[in-house]
Amino acid sequence: MSARYEALAAKARAMYGRRLRRGELIRVSRLDSVEQVLAQLGQLPAWAPAARSLAGEGLVTRERLEDALRAQVRREGLGLMAFLPQDDWALMDAPVRQAELERILAALRRLHASLYRETEQLPLGYVSRARVDLEQLRRCTDFAGLVDAARGSIFYDALSRLRPGQPLPDYGVTEALLWSVYYRHLLRLIARRYAGDARRLLEQTVGGQVDLLNLMHILRMKQYFPQEDNYLPVLLPYHYKVGPEQIRAMCAAPDPQAVLELAEQTPYAAVFRGAAPEQLQSRYDGMLYRLSRRQLRMGKPSVYTAVAYLNLRELELRAVVSAVESVKYHQALDPALLQVLDG
């Protein structure tokens, strides 16, 4: 089976060889303007395509630069599909499904605020593979129009079952519902189409994300809404390594510290040990970085090779975006971001 993925592995490893290094990110974060950042990124193989895409635009804003960086990662993901068997395309469409989800939520925010804000343009490969009518979604003026724009997508059934008492459904409930649909879709694809190491690694990545999101939701509720006792609207109804009994115990815990103590009794003890709630995302990012890098460099070639590469690029993208924002707002770069880059 791995022979089917040898060309993919060679391509992904070559692309990863052009990655940004830690020292390069530090230098970028110490520049004086977004214009200087754009010029510097144009000299770095990892992000030169994004910089070139902005040539001739004149003064480039922070938002426009960040959109170009995201678009480059999306194009790279689409490019890897050419090296994959067609059986894997449904899984590799996960970033397209996520982009659809994000645009549905953006449309709902706009309807709630009666304020339109243009979202960044998706690559043509995303638009052609989308199941949501993105143009209709952009123009919808009520929730019924939003639901109709999602017809044919994995999100339609869930959206169509929402019966808001007010003109619009609660944003937080809708967000949790759509993420549940997204992760259920991924986990079903993995269970139906993959076996062996590929399935184990895919479930480890996706299941770990679900577990961590639930634990972070509980911690935030304990910290910012201590009087709230109904956690169901914000929790994803799936369990990978943290079982329902452990989730219920955390929901019943008296405060965030008690939640962290319970979390240390789960398989994620290393992530939570000694961590403050605000450090959990960076702890998880470090864990995902190490897993993905090890599999990309030394793992048996499989569809997870492409997933590992995209994991690494998404982590690198977040670090670069934070560096751009550090320059824009004259803030120091968070040292925790450096853990997802080689020295």
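The values are calculated or read from the model by the stated rules, or taken from the named source; none is laboratory data. This one's a predicted model, so the numbers in the text were calculated from it and none came from an experiment. For neighbour counting, all protein chains shown are included, and Cβ atoms are generated from backbone atoms with ideal geometry for every residue, glycine included. The accessibility values were calculated without ligands, DNA or RNA, using every heavy atom of the protein model including side chains. Shrake-Rupley method; radii C 1.70, N 1.55, O 1.52, S 1.80 Å.
Of the helices (runs of 4 or more DSSP H) lying entirely inside the stretch 245-334, the ones with 2 or more residues being within 17 Å of the chain's Cα centre (by Cα) are found at 280-298, 303-329. In the set Arg297, Arg290, only one residue is free of Cβ contacts under 8 Å to residues at least 40 places away in the same chain and of a type in the set (Lys, Arg); that residue is Arg290. The C-beta contact set for the stretch 13-37 (first residue touching a residue at least 12 places away in the same chain (Cβ under 8 Å) and open to solvent by 40 Å² or more (accessible area, probe 1.4 Å), second residue of a type in the set (Phe, Trp, Tyr) and in a helix (DSSP H, G or I), distance under 8 angstrom, 6+ apart or interchain) is empty. Applying the set (1) of a type in the set (A, V, I, L, M, F, W, C); (2) open to solvent by 10 Å² or more (accessible area, probe 1.4 Å); (3) not in a helix (DSSP H, G or I) to Val242 leaves exactly one unmet item: (2). The single condition from (1) in a helix (DSSP H, G or I); (2) surrounded by fewer than 15 Cβ atoms within 10 Å (Cβ to Cβ); (3) under 21 Å from the mean Cα position of the chain (by Cα) that Pro237 fails is (1). On inspection, Gly42 qualifies as free of Cβ contacts under 8 Å to residues at least 12 places away in the same chain, open to solvent by less than 40 Å² (accessible area, probe 1.4 Å) and over 17 Å from Glu325 (Cα atoms). Restricting the first member to the stretch 214-230 and to residues that are within 15 Å of Tyr268 (Cβ to Cβ) and without any contact (Cβ under 8 Å) to a residue 60 or more places away in the chain, and the second to residues that are assigned to a helix (DSSP H, G or I) and open to solvent by less than 20 Å² (accessible area, probe 1.4 Å), the beta-carbon pairs closer than 7 Å and six or more apart or on different chains are Asn214/Ile247; Ile218/Met250; Ile218/Val259. Within the stretch 175-220, being open to solvent by 20 Å² or more (accessible area, probe 1.4 Å) and closer than 15 Å to Leu280 by Cα holds for Gln209, Leu213, His217, Arg220.
For (1) surrounded by 15 or more Cβ atoms within 10 Å (Cβ to Cβ); (2) touching a residue at least 40 places away in the same chain (Cβ under 8 Å), each residue gets a yes or a no:
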| residue | (1), (2) |
| --- | --- |
| Ala46 | yes, yes |
| Glu57 | no, no |
| Val60 | yes, no |
| Leu65 | yes, yes |
| Leu69 | yes, yes |
| Gln86 | no, no |
| Trp89 | no, no |
| Glu100 | yes, yes |
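Could you please let me know if Val242 is among the β-branched types (Val, Ile, Thr) and farther than 23 Å from Glu314 by Cα? So Val242 fits the description; yes. Going by what's in this entry, would Val73 be described as surrounded by 13 or more Cβ atoms within 10 Å (Cβ to Cβ), touching an Asp or Glu at 6+ places or on another chain (Cβ under 8 Å) and more than 23 Å from Tyr309 (Cα to Cα)? No, not satisfied.
Between Asp148, Asp170, the distinction of being on the phi < 0 side of the Ramachandran plot, at pLDDT 95 or above and among the acidic types (Asp, Glu) belongs to Asp148 only. All of Gly145, Gly172 fail the test of being free of Cβ contacts under 8 Å to residues at least 60 places away in the same chain and open to solvent by less than 50 Å² (accessible area, probe 1.4 Å), apart from Gly145. Confirm whether Asp157 is under 28 Å from Leu134 (Cα atoms), acidic (Asp, Glu) and modelled with pLDDT of 90 or more. Criteria met by Asp157.
In the stretch 273-285, the count of residues that are of a type in the set (Lys, Arg), at negative phi, in contact with a helix residue (DSSP H, G or I) (Cβ under 9 Å, 6 or more places away or on another chain) and open to solvent by 30 Å² or more (accessible area, probe 1.4 Å) is one or more.
Please verify whether the stretch 259-274 includes one or more residues that are of a type in the set (S, T, N, Q) and closer than 30 Å to Asn230 by Cβ. Don't jump to the end; show me each part of the working.
Filtering the stretch 259-274 down to residues of a type in the set (S, T, N, Q) leaves 265-266.
After this cut, where a residue has to be closer than 30 Å to Asn230 by Cβ as well, the list is 265-266.
Yes, that holds for at least one residue.
Restricting attention to the stretch 154-169, which residues are open to solvent by less than 60 Å² (accessible area, probe 1.4 Å) and farther than 16 Å from Ala106 by Cβ? Within the stretch 154-169, Ile154, Tyr156, Ala158, Ser160, Leu162, Pro164 qualify. So for the stretch 194-209 (the condition being under 20 Å from the mean Cα position of the chain (by Cα), touching a residue at least 12 places away in the same chain (Cβ under 8 Å) and in a loop (DSSP other than H, G, I, E, B)), does at least one residue qualify? So far as the stretch 194-209 goes, no, none of its residues is under 20 Å from the mean Cα position of the chain (by Cα), touching a residue at least 12 places away in the same chain (Cβ under 8 Å) and in a loop (DSSP other than H, G, I, E, B).
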